[in-house]
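> I am attaching a structure below and will ask some questions about it afterwards.
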Amino acid sequence: MEKRDMGKPVLFADMLSSHHDTGSNYLNAKKGFLSWLFTVDHKRIGIMYFVAISVFFLVGGFFALLLRAELMQERIVNATANSYMISADHFNEAFTFHGSIMVFLVIIPSIPATLGNFLLPLMIGAKDVAFPKLNLMSFHIYIVGAIFLVYTIAFGGLDTGWTFYTPYSTETSTSVVAAVFGAFILGFSSILTGLNFIVTVHKMRAPGMTWVRMPLFVWAIYATSVIQVLATPVLAVTLVLVAMERLLGIGIFDSNLGGDPVLFQNFFWFYSHPAVYIMILPAFGVMSELITTHSRKSIFGYKAVAISSIGIAVIGFFVWGHHMFTSGQSALATVFFSFLTYAVAVPTAIKVFSWVATLYKGSISFTTPMCYAFVFLFLFLIGGITGIFLGAISTDVHLHNTYFVVAHFHYVMMGGTLIAWIGAIYHWWPKITGKKYSETWGRISSVVVFLGFNLTFFPQFIMGTRGMPRRYYDYLPEYYNFHVLSTIGSWVLAIGLFIVLFNWLHSIFFGKNESSSNPWKAKTIEWTDTAVVPIEHNFEKQPISTHGPYEFDELVKPVKTGGH
Amino acid sequence: MSETVGPDSAAWQGSFWLPQNASPMTSGQDALFYFIYSLSVFFFVLVVGFMVFFAWKYRKRKEGESTVDIHGNTKLEIIWSVIPGVLFIVIFIWGFFDWIKLNVVPQGALEVRVVGRKWDWLFIDQKTGAETSDLIVPINVPVRLTMSSADVIHGFYIPDFRINRDVLPNQYTVVWFKAEKAGSYPILCTQYCGTKHSQMVRYVKVLPKEDYDKAMIAAQGAGLTPVELGKKLFAGKGACASCHSVTPDKVRLVGPPLFGTYGEMQNVVHSGGKKETIKFDDNYIRESIVDPNIRVVVGYPPVMPSYQGQLNDKELNALIEYIKSLKK
Amino acid sequence: MSAHNHEGEHSKFLAHHFKSMSQQTAAGKLGMWIFMAQELLFFSGLFCAYGFMRFMYPDMVTQGQSSMDWRLGGINSVILLVSSLTMSLCVRSARSNNKAGTVKFLVATMICGLLFLVIKGSEWGMHFHEGYFPGKFFNPVAHAEIQDPLAHIFFGLYYVMTGMHGLHIVVGLGLMTWMLVRANRGEFSSENYVSLENTSLFWHLVDIVWIFLYPLLYLAK
Amino acid sequence: MLKIVRNKKRQNSSEHSSGDQKHSHNNEHGLLPVRLYVGIFIVLLMMIFMNIGISMLPIPSIWIVSLLIFVAIIQTILVAVFYMELIHEDKFYSFVFGSAVLFMLLFFGITLGEIRGRDFFTATEGVKMMRGVDQNGNFAPGGPKLEKKSEGSH
């Protein structure tokens, strides 16, 4: 399972810069592998994150396909542990591997680390993030933690799921302490990136760029960083206590030694629910950028969308108990958490309505990023609405820990953050690589991903409400047809994602050079004030922010007939 | 693992979304489920409709065409914040009242204690003391389950009764239901608990009153010969069947197969690591049940839990007799 | 310190991506304060575990605390307080360009830190002597006064909390040795003092954590 | 709290700095006088001994703990405001520190509050420390016994 992403950037950079004739830019400013490994340029670090995250996404995706293939097998009556394609323990390892890689290595750093790193300084007119060396250290911590986690799960056979619930995690013989240490290291990379971004946004904005003139992507990354800084340490201390539990047996979480497993769930979900907002808030930021640029319209209700990012970040800390409605948690807490879960749903609804309202009277061009924006809106809407079922405490009793929850979080996380990540990479591709990607293949991939996604996860909603529990490798016969549908869907989804990958690779190696420095004619600084491919210090002269981020040339004052 | 596979792929009785509703007292949530479902479909169609309509109507006709500079409309924004807010509060309150009903056990409910252990369930009827692996309950009588786990967290879930609660090792959790439709309904484990988490499937058998009484007497194992009692313990209370196979083909599970091994020579490894070959006799069986990891058969992991204090002598002898009877 | 004029405010400590020293200092301080927030939440997990243990086993905790010597804890508190004072005075002298004062107070703070570790180590030694090992290694010797098997939870958490706190003291001492090296090179002045001030912020946070640890572990009978 | 302290500080630092001729003009905020540091040191020292005194009082332990924590909070504020120079720093740093403390208290409040309320509906459901449970649902011999409370609650 060794990862050879290190070699990739060298090939990738030489290929890019050799084709480029427009003088020195951040890609060809320095040559060679070490210039990449020890760069403090936030753009290069962003690209390295992008390559690492794509590789881990492929590895995690492979395990997802493995799980789906196993679940498609015809049911064997009275099956023993290894009567199916892969044995029960291997299935448990596979879903733990899929879960841990996708959560810790792919989706938490996906948009903040790749696009946040690349775009934040560019969008606020800064030369670099506040602490460039710290930024590089975060990347190195991420790579060390990632290799450590991948190695321990692959060879240690971790089978506790990405949630490490005690007392199973304190008594299983698999490599829990090592995996917990890997996740602990990764936590630091997340904290330090968050810290870096908060200081950058506060202290290094271009002159004239007040808070209400910042692009909404910066608002979203700022809210995400606040959560990263305030929530991840609690995960760190939880993981330390689990490691102490196994090594010294201190008896805080392990019930055989007098601890309380529900206390562990409280500690764990205090981090993990804000973590899902770390995952989705950057996607909201990307959506605000994509929808406004490609429909040539200023965002509908800038203040509402910006404040709702901060609102989600703050209320997100009060709702973690809805992961534990049926876990023997106290009744008062259950009612409190259910009410606040609905409180956090309101700002999310405001955001979605604002995006759709932004489309009104716009001039919408169906470029690939815009196709992915529509796919995001569709899938995230289903994901958000199914969250309402899980928020009401009485319907949640029937739906908790079933495939309904699996489908819900895949719709929100994969349908939301991953689709937004792909759309964002497409949107900023000309600025990152200076290359053109093929629009037709981009659009085809968005359609195939959309169809594959729905075919994979919608049957899981039906299975879930019919009572199919999670993390099962052998199930009752009445769910068989849905599993077959879902597995076929997962193949279509895999094909779609490979089309995206080939599109990007093709564009890097054989794509034509991008000629204009602002192909989408956006109005944010990273497009207007930089070269086709930004120079190493981003801007020749310090940009001055004079107007809001979304005042497009085509905008014209509405006629004074009381039109709203 | 339940030998009785239960009704295999009986036709699906239940609506498109939800399974049949065999305990209406606790599964009042179907009404709320369909209320939320109809709201969801409405809002989904509304928003996607607007999206598609706007996307089509305001698609780009020519390069650089002018668009209206709208920065927002507070009236509209207030409307679309208040409406979801009010709807959410309605759903929350409705869910809250249903949930209260789910948790308050009516008086005079039948008391059953549930013990979840690694990869099997055990139901102990408090009135008769009968121990069964499948939950046998009379029809139209509220049953209260006080649940606790013997090792890790399990999840007690009966989809057809809409009840689902984690079973914790360090505290009791209580669910109740009142079955109003005879039949056999699957019990599933919803909290990941290890290798055979997906094979902890047992069945709730809802019987008319008199069949229930008959079954209870049979379940108490009164008047069983030691071998029969041993067989019942092996599959039921001791949950030995989940790790040791008793079939002639000696299939290898988590623990060593027991068919025809009585009296054979077995090489075992001491906890200290010293290897030895001993006779598989009464003392070794008794010692392996009470303190299993002292001498483990070579090639098997020392994971067998100790039954010390849980099986009295009568039951131990019954088990030994049963293992002795396992030969051609 | 080189007399710098206003227009060429390009002192040799200014990083390329900052416009002015004040922006760099402000960024450094804000970064450290956010790191302090993160540290606070890290320790909050341990205090919450302590709260859980105290709620579940009140009598066992009081019995466990009977073995804690509040006098040693008190001395440690005073030592850490003195080190906080000297650390603040060190930053103050650095910002009034008094290099000798900076070095003097820095050394004093480090001595207090080492003294704290020595006393803490001796306390741990005392507990080990009594056989109060953490968690599953807990087997009190015959004459030990605490025989309750559940007391291993108190000692397990005691070692984790004071161990984590001790680890932060060691990290603080490491930071201060690095500061000492830079102070000797005369890098700190009223203009470039932010890394020294960040070290002092870290040290004060470690002191604040002990301000809460001491009453909760030693005094709360 | 901060405002009062700041005004008090402004008068004494103004007459102080007028006395102290050497103006280092470029740093953003004046230096606190050494006497203030030593004064705060003595106050904090007093508080440590006050804490030790409190722990000796014959009052119920819940009161002792809350008094101790109250004194510790005062000590924390003093250290944060004076030693960590929050007094004349940009107010945003106090906001960052304050929000971290707020989230810490939120974490405590809900988690510890949740543990108390578990037996809200049925008395047996409460958290009773039981080691592994045996076949009859009683806990294994090694563990503390579940006290026989009345089963039938409301």
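> Could you pull out the pairs from A:Lys431/B:Lys75; A:Lys303/A:Lys521; B:Lys196/B:Lys232; A:Lys31/A:Lys435; C:Lys12/C:Lys120 whose alpha carbons sit more than 31 Å apart here?
On the way: A:Lys431/B:Lys75 38 Å; A:Lys303/A:Lys521 23 Å; B:Lys196/B:Lys232 21 Å; A:Lys31/A:Lys435 19 Å; C:Lys12/C:Lys120 42 Å.
Flagged as over cut-off: A:Lys431/B:Lys75; C:Lys12/C:Lys120.
> Test of understanding: in a Gaussian network model of chain B with alpha carbons linked when under 10 Å, which of B:Asn21, B:Asn267, B:Asn164 would top the mean-square fluctuation ranking?
Evaluated over chain B, the most mobile residue of the options is B:Asn267.
> Considering chain C as a Gaussian network with a 10 Å cut-off on Cα pairs, which listed residue, C:Lys104, C:Lys12, C:Lys29, attains the greatest mean-square fluctuation?
Of the options given, C:Lys12 has the highest mean-square fluctuation.
> Kindly state, as a whole number, the per residue volume in cubic angstrom of the convex hull around the alpha carbon atoms of region B:110-219. All intermediate terms of the calculation are to be shown ahead of the outcome.
Details: hull volume 9.2 nm³, N = 110.
Measuring per residue, one finds 84 Å³ for the Cα hull of region B:110-219.
> In whole Hz and in residue order, list the ³J(HN,Hα) couplings for region A:121-128 that follow from phi through the Karplus curve 6.51 cos²θ - 1.76 cosθ + 1.60, θ = phi - 60°; x for Gly and Pro.
Couplings: x, 5, 6, 9, x, 9, 6, 6 Hz.
> Once you have the Kirkwood Rh of region B:226-324 from its Cα pairs, apply Stokes-Einstein at 4 °C and 1.567 mPa s and quote D in µm²/s.
On the way: Rh = 13.6 Å.
Calculated translational D: 95 µm²/s.
> If you don't mind, there's one more thing I want to ask. Where does the Debye-calculated log10 I(q)/I(0) of region C:23-219 sit at q = 0.19 Å⁻¹, using only Cα point scatterers of equal weight, no solvent?
One equal scatterer on each Cα of region C:23-219 leads to -1.24.
> Note down, for region A:102-238, the three equivalent ellipsoid semi-axes (square root of 5 times each alpha carbon gyration tensor eigenvalue), biggest first, whole angstrom.
So the three semi-axes of region A:102-238 are 34, 14, 11 Å.
> Would you mind counting up the charge near B:Lys118? Only other residues with Cβ under 11 Å from its Cβ, with Lys and Arg at +1 and Asp and Glu at -1. All intermediate terms of the calculation are to be shown ahead of the outcome.
Numbers: positive: B:Arg117, B:Lys196; negative: A:Glu171, B:Asp120, B:Asp151.
Taking every Cβ under 11 Å from that of B:Lys118, the sum is -1.
> Give me the angle, in degrees from 0 to 90, between the Cα long axis of helix B:226-235 and the longest principal axis of the Cα atoms of chain B, rounded to the nearest 10.
On a 0 to 90 degree scale, this one is about 30.
> Report, by chain and number, residues whose modeled amide H sits under 5 Å from the one on B:Arg144, excluding near sequence neighbours (fewer than 5 apart, same chain).
Long-range HN contacts for B:Arg144: B:Leu110, B:Glu111, B:Val112.
> Count the DSSP beta bridges whose two residues both fall in chain B, then state the antiparallel fraction as a percent rounded to the nearest 5.
Bridges in chain B that DSSP calls antiparallel: roughly 75 percent.
> In sequence order, what are the phi-derived ³J(HN,Hα) couplings for region D:38-54 according to the Karplus relation 6.51 cos²θ - 1.76 cosθ + 1.60 with θ = phi - 60°, rounded to whole Hz, with x for glycine and proline?
5, x, 4, 4, 5, 4, 5, 4, 4, 5, 4, 5, 4, 4, 4, x, 4
> Show me D:70-82, A:213-225 ranked by packing, highest mean number of other Cβ atoms within 10 Å first. The partial results should precede the final answer.
Values: D:70-82: 18.7, A:213-225: 26.4.
Taking the mean over residues of other Cβ atoms within 10 Å, the ranking is A:213-225, D:70-82.
> Explain nothing, just the number: relative contact order of chain A, from Cα pairs under 8 Å at least 6 residues apart, as a whole percent. Intermediate values should be presented prior to the final figure.
Numbers: 898 pairs, mean separation 96.7, N = 564.
This gives 17 percent for chain A.
> Let me have the relative contact order for region A:113-208, percent, based on Cα pairs under 8 Å that are six or more residues apart. Intermediate results must be reported in sequence, preceding the final value.
Values: 87 pairs, mean separation 42.3, N = 96.
Worked out over region A:113-208, it gives 44 percent.
> B:Lys328: which lysines have alpha carbons under 18 Å from its alpha carbon, excluding same-chain residues fewer than 8 sequence positions away?
By straight Cα distance, B:Lys328 reaches B:Lys231, B:Lys250.
> Let me ask something else. Taking amide H atoms as placed 1.01 Å from N in the peptide plane, list the residues 5 or more away in sequence, or in a different chain, whose amide H sits under 5 Å from that of B:Leu207.
B:Val137, B:Ile139
> Taking region A:7-528, how much of its Cα-Cα pair set, in percent, is spaced more than 34 angstrom apart? The partial results should precede the final answer.
Numbers: 47734 of 135981 pairs.
Percentage above 34 Å: 35.
> For region C:82-155, what number results from the quotient of the Cα radius of gyration and 2.2 N^0.38 Å?
Working: Rg = 20.1 Å, N = 74, 2.2 N^0.38 = 11.3 Å.
Taking N as the residue count of region C:82-155, the ratio is 1.78.
> Run the helix sum for chain C: -39,500 (n - 2.57) per DSSP H stretch of 4+ residues, divided by residue count, reported at 222 nm to the nearest 500 deg cm²/dmol. If you can, show how the numbers build up before the last one.
On the way: 6 runs with 158 residues, N = 221.
Rounded to the nearest 500, it is -25500 deg cm²/dmol.
> How compact is region C:3-108 by the rule of thumb for globular proteins, expressed as Cα Rg over 2.2 N^0.38 Å? Kindly include the intermediate steps, with their values, before the conclusion.
On the way: Rg = 21.9 Å, N = 106, 2.2 N^0.38 = 12.9 Å.
My calculation over the Cα atoms of region C:3-108 gives 1.69.
> Only sites in a loop by DSSP and with at most 15 other Cβ atoms within 10 Å count here; which GluC sites (Glu not before Pro) in region A:492-564 make the cut?
Working: sites: A:Glu514, A:Glu526, A:Glu536, A:Glu540, A:Glu551, A:Glu554; in loops: A:Glu514, A:Glu536, A:Glu540, A:Glu551, A:Glu554.
Loop-located and lightly packed - A:Glu540, A:Glu551.
> Taking Rh as the Kirkwood radius computed over C-alpha pairs, what is the Stokes-Einstein D of region A:170-257 at 10 °C in a medium of viscosity 1.306 mPa s, expressed in µm² per second? All intermediate terms of the calculation are to be shown ahead of the outcome.
Numbers: Rh = 15.3 Å.
D = 104 µm²/s.
> Once phi is turned into ³J(HN,Hα) by the Karplus curve 6.51 cos²θ - 1.76 cosθ + 1.60 with θ = phi - 60°, what whole-Hz value does each residue of region B:157-171 show in order, with x for glycine and proline?
Taking θ as phi minus 60°, the curve returns 9, 10, x, 6, 9, 6, 10, 7, 9, 6, 10, 9, x, 10, 7 Hz for region B:157-171.
> Then there's this: Between the alpha-carbon centers of region D:44-67 and region A:471-546, tell me the distance in whole angstrom.
Going from one Cα centre to the other spans 60 Å.
> Normalise the Debye intensity by I(0) for region A:380-505, one equal point scatterer per Cα, no solvent, then take log10 at q = 0.17, 0.18, 0.20 Å⁻¹ and round to two decimals.
-0.87, -0.93, -1.06
> Can you give the mean number of other chain Cβ atoms that lie within 10 Å of the Cβ atoms in peptide C:173-184?
Averaged over the peptide's residues, the number is 0.
> OK, next. In vacuum, with every alpha carbon of chain B counted as one equal point scatterer, what does the Debye formula give for log10 I(q)/I(0) at q = 0.07, 0.10 Å⁻¹? Two decimals, please.
Here the Debye-derived log intensity ratios amount to -0.45, -0.73.
> On a 0 to 90 degree scale, rounded to 10, what angle separates helix B:209-219 from the longest Cα axis of chain B?
With both axes taken from Cα atoms, the answer is about 40 degrees.
> Angle, helix A:403-412 long axis vs. longest principal axis of chain A, Cα atoms, 0 to 90°, nearest 10?
10 degrees
> If you don't mind, another one. Can you compute the helix-only [θ] at 222 nm over chain A? Use -39500 (n - 2.57) per DSSP H run of at least 4 residues, normalise by all residues, nearest 500 deg cm²/dmol.
Details: 19 runs with 352 residues, N = 564.
Counting only the DSSP helices, I get -21000 deg cm²/dmol.
> Grab the other residues whose beta carbon is less than 11 angstrom from that of C:Gly101, score K and R as +1, D and E as -1, and report the net.
Numbers: positive: C:Arg92, C:Arg95, C:Lys99, C:Lys104; negative: none.
Its environment carries a net charge of +4.
> Tell me what chain B gives for mean residue ellipticity at 222 nm when only DSSP H runs of n ≥ 4 count, each as -39,500 (n - 2.57), the sum divided by the residue total, rounded to 500 deg cm²/dmol.
Working: 6 runs with 101 residues, N = 328.
When only DSSP H runs of four or more count, the value is -10500 deg cm²/dmol.
> Shifting gears a bit: Using a cut-off of 21 Å between alpha-carbon atoms, which lysines can reach B:Lys101, once sequence neighbours fewer than 8 places away in the same chain are excluded?
Result set, ordered by chain and number: B:Lys178, B:Lys181.
> Tell me the net charge near A:Leu195. Cut-off is 14 Å between Cβ atoms, A:Leu195 excluded, with +1 for each Lys or Arg and -1 for each Asp or Glu. Walk me through the numbers on the way to the answer.
Working: positive: A:Lys133, A:Lys203, C:Lys29; negative: C:Glu39.
For residues surrounding A:Leu195, the net value is +2.
> Something else now. Find how many whole Å separate the alpha carbon centroid of region A:293-314 from the alpha carbon centroid of region A:341-374.
Centre-to-centre (Cα) distance: 9 Å.
> Share of Cα-Cα pairs in the protein assembly as shown beyond 55 Å, in percent? Walk me through the numbers before you get to the answer.
Values: 204136 of 802011 pairs.
Beyond 55 Å sits 25 percent of the P(r) for the protein assembly as shown.
> Residue by residue through A:473-482, how many Cβ atoms from other chains fall within 10 Å of the Cβ on average?
Numbers: counts 5, 6, 4, 9, 5, 8, 0, 1, 0, 0.
Mean shielding count: 4.
We did not get these values from a lab; they are worked out from the coordinates using the rules stated. Worth saying up front: this structure is predicted, and the values here are computed from it rather than measured. Neighbour counts run over all protein chains shown; Cβ positions are idealised from the backbone, glycine included.
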